[in-house]
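Presented below is the structure to which this report refers.
The values are calculated or read from the model by the stated rules, or taken from the named source; none is laboratory data. From a predicted model like this one, the values you see are computed outputs, not experimental measurements. Ideal geometry is used to build each Cβ from the backbone, glycine not excepted, and the neighbour counts take in all protein chains shown. Quick note on the areas: whole protein, heavy atoms, side chains included, nothing else; ligands and nucleic acids left out. Shrake-Rupley method; radii C 1.70, N 1.55, O 1.52, S 1.80 Å.
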There are 2 protein chains.
Amino acid sequence: MTQWYIENGPESDVVISSRVRLARNFESYPFSSKMEKEQEDKVLSKVKNAMMNVNGIINDISKDDKSIMRDVIFVDIKNLDVIEKQVLVEKHLVSPEFVESERINGLLISKDERISIMVNEEDHLRIQCLFPGMQIQNAWKLCDSIDSFIDSKLKFAFSKELGYLTCCPTNLGTGMRASVMLHLPALAITGYIRGMLDACSKLGVAVRGLYGENSEASGNMFQISNQVTLGLTEEEIITNITNIAFQVVEQERSLRKDLFKQNSFRLNDMVFRSYGIFSNARIISSDEGMKLLSDVRLGIDMGIITDITLETINEIMLLIQPANLQKLAGRLLNQDERDIMRAEVIRGKLAKA
Amino acid sequence: MTQWYIENGPESDVVISSRVRLARNFESYPFSSKMEKEQEDKVLSKVKNAMMNVNGIINDISKDDKSIMRDVIFVDIKNLDVIEKQVLVEKHLVSPEFVESERINGLLISKDERISIMVNEEDHLRIQCLFPGMQIQNAWKLCDSIDSFIDSKLKFAFSKELGYLTCCPTNLGTGMRASVMLHLPALAITGYIRGMLDACSKLGVAVRGLYGENSEASGNMFQISNQVTLGLTEEEIITNITNIAFQVVEQERSLRKDLFKQNSFRLNDMVFRSYGIFSNARIISSDEGMKLLSDVRLGIDMGIITDITLETINEIMLLIQPANLQKLAGRLLNQDERDIMRAEVIRGKLAKA
């Protein structure tokens, strides 16, 4: 089973992934911060039992969604070592707080890692669906199916006035965060990214960099997501984010064409220099790795680099993150060791490709 | 016939080439600066005639030297276009002043370009012999053969007190400049180069960078040569320069080993990054090209890069010089065009290798 992040989805020249997450709490239990250990344990086992028995479920869930849901397995966070925990964080399957939490908690994930459900995070449930490319509608549909399924077994806390009740008021209403991860090298190179960010925030959309420890948007990867969860329907939020994302995608595409038209030699040179370092260097830091990967990804989309696929780049992007490197090595690595291992992994993957 | 600069000579890990040149004037003519056109013409045709008829020459010239001398052809500088003139300069076969001179002048060169004799430069004759690697003794031997041969036909201006008479007093005596071109990346990287330069100048040896338009020693290539021509015999000058060159060579070698021992990953990384850019970039400036070439050359010597030979690097070093690029293109190129062509030539040569 291919994990979602290696596949390419629609608009994969610019859109890396789409994600929807729903915050939910059960009406018969207090919010996580007020729960007793015993209650935590009960919530966890109830959700686990429900999700482990998706057979014979309600009818309005599509066959595809059902089959992904049937693949869900349970992961006991307490049984994971420090590297395994960090790998989940790097895959965006859990929050950093979740793996460090003292609560009785657990994770439900599907084998393709499209579904991840954190139990006893800030809210009782954080239902998340991740899809490659521009598939925010599909991510929402799957989230909705899971939501309906669990709600049919265990009643969620819901107010007619406020919608779904959440621990933090910023999630009230729909409890939904819909986001799209975009690769925006041309906007970054030309400097138009700043104006784009300003425009987004005026439209109630948050933008933040991804994967960067030091820089704000390492590898020119940006995530846009809705800021408002209350006063709009789920469909309105999805439509809104989708429309804005498509506008950004079109702007990025048009700037890429401009860059090529203005000076194709310069662009070729930039891409091939990065490719040359990417495929030859013996020590590559996290930030540099993402910068080089960004240039190479752009080069593939522009037809400048033809012997590497976007799938290979997607895989490398994940594999060069610190915990994934340590998982590969089978042990903890210090920063120097990681930088050497990162260069090794990149060369290995490119040589295979 | 392989031109000398493509071959590898002894100590080619550090020594690129050895050169000896003799300044000579004929006793029956005034110095170049005082000559009439008619006299220039006579000097030129006499030397030309002598060198075009090396058959049946005096006995104390070795068979090898004779065979190179028989290969000498005449080049009329006035018939060359601007690119061809510049190519000769880049090959160090003529001085920049020589190709721009208003005098009636001419060049005698052997097909392997080991011998070049400028007629009517600052002195009537500048006899130069160039050999790959550390072969200063061989270069001197060949120079000496040519000198003896011409002297046997056309008497040189010589004073028992001052030795050979030259136009500029700095050449008086032996009229000899012996030089060795060295590749000194480890001395440069570690910063010990400054101390080495100081020591050389105290020993009466001049050091200067080669091939650099902007920087003093582009590509970490340094030429060391004798400053004093008077009061020493030719043999003493040759021995002196040879000894100093060997000391520098040993220092460079020992520093290369230290660099590798201290941090082989760092060194590998530096070499492979440069190789990656060298073999992939689409635009490479003259200075950057020499810098990258220096790193790759070091990498080959250290056994880090194994699929490229020093011969290929020697050839590239010459081919990426401005006039050589324009000769390849068959037309004048502006700087941007040269930078693109330079990257193309490098990729082409590396792909073949």
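Cα centroids of the stretch B:259-280 and the stretch A:105-139: 43 Å apart.
Figure legend: label point modelled 7 angstrom from the Cα of residue B:262 along Cα→Cβ; no residues of the stretch A:329-343 have amide N under 14 Å from it.
Within the set of other residues whose C-beta is less than 15 Å from the C-beta of residue A:234, count the net charge using Lys and Arg as +1 and Asp and Glu as -1.
0
Count Lys and Arg as plus one, Asp and Glu as minus one, and take only other residues whose Cβ is under 12 Å from that of residue A:166; the net charge is then +1. The charge dipole of the stretch A:15-252, taken about the Cα centre with unit charges on the Cβ atoms of Lys, Arg (+1) and Asp, Glu (-1), comes to about 320 debye, rounded to the nearest 20.
Dividing the radius of gyration of the alpha carbons in chain B by their Kirkwood radius gives 0.98 for Rg/Rh.
Ordering A:314, A:334, A:180 by the projection of their Cα atoms onto the charge dipole of the protein assembly as shown, which places +1 on the Cβ of Lys and Arg and -1 on the Cβ of Asp and Glu, puts A:314 at the extreme positive end.
Among B:151, B:123, B:307, the largest mean-square fluctuation in a Gaussian network model of chain B (Cα springs under 10 Å) belongs to B:307. For trypsin sites (Lys or Arg not before Pro), the sites in the stretch A:112-159 that DSSP calls loop and that have at most 15 other Cβ atoms within 10 Å are A:155. The aspartates and glutamates whose alpha-carbon is closer than 14 Å to the alpha-carbon of residue A:257, local same-chain residues fewer than 8 away aside, are A:13, A:301. For the set A:74, A:272, A:156, B:158, the ranking by accessible area, highest first and with no ligand, DNA or RNA atoms included, is B:158, A:74, A:272, A:156 under a 1.4 Å probe.
Bridging of residue B:327 to lysines at a Cα separation below 29 Å is possible for B:48, B:78, B:85, B:91, B:111, B:291, B:349, B:352, once same-chain residues fewer than 8 apart are set aside. For chain B, the 222 nm mean residue ellipticity estimated from helices alone, with every DSSP H stretch of n ≥ 4 adding -39500 (n - 2.57) and the total spread over all residues, rounds to -15000 deg cm²/dmol.
Karplus-derived 3J(HN,Hα) values for the stretch B:25-35, using 6.51 cos²θ - 1.76 cosθ + 1.60 with θ = phi - 60°, are 9, 8, 6, 8, 10, x, 4, 3, 5, 9, 7 Hz; glycine and proline are entered as x. For the protein assembly as shown, the solvent-accessible area of protein heavy atoms averages 43 Å² per residue (probe radius 1.4 Å; ligands and nucleic acids excluded).
Rounded to the nearest whole Hz, the Karplus-based 3J(HN,Hα) values (6.51 cos²θ - 1.76 cosθ + 1.60, θ = phi - 60°) of the stretch A:233-244 follow the sequence 7, 4, 4, 5, 5, 4, 4, 4, 5, 4, 4, 5, with x at glycine and proline.
Compare A:24, A:177, A:273 in a GNM of chain A, Cα atoms joined below 10 Å, and give the one with the largest fluctuation. Of A:24, A:177, A:273, the most mobile in the Gaussian network model is A:273. Applying the criteria of a DSSP loop state and at most 12 other Cβ atoms within 10 Å to the GluC sites (Glu not before Pro) of the stretch B:16-116 yields B:27, B:36, B:102.
Remark: accessible area buried at the B-A interface is about 1600 Å², both chains counted, probe radius 1.4 Å. Summary of the geometry: the stretch B:1-30 and the stretch A:290-353, compared by the centres of their Cα atoms, lie 49 Å apart. Evaluating 6.51 cos²θ - 1.76 cosθ + 1.60 at θ = phi - 60° for every residue in the stretch A:188-204, the Karplus couplings come out as 6, 4, 7, x, 6, 4, 4, x, 5, 4, 4, 4, 4, 5, 5, 8, x Hz, glycine and proline recorded as x.
Counting Lys and Arg as +1 and Asp and Glu as -1 over every other residue whose Cβ lies under 9 Å from the Cβ of residue B:83, the net charge comes to +1.
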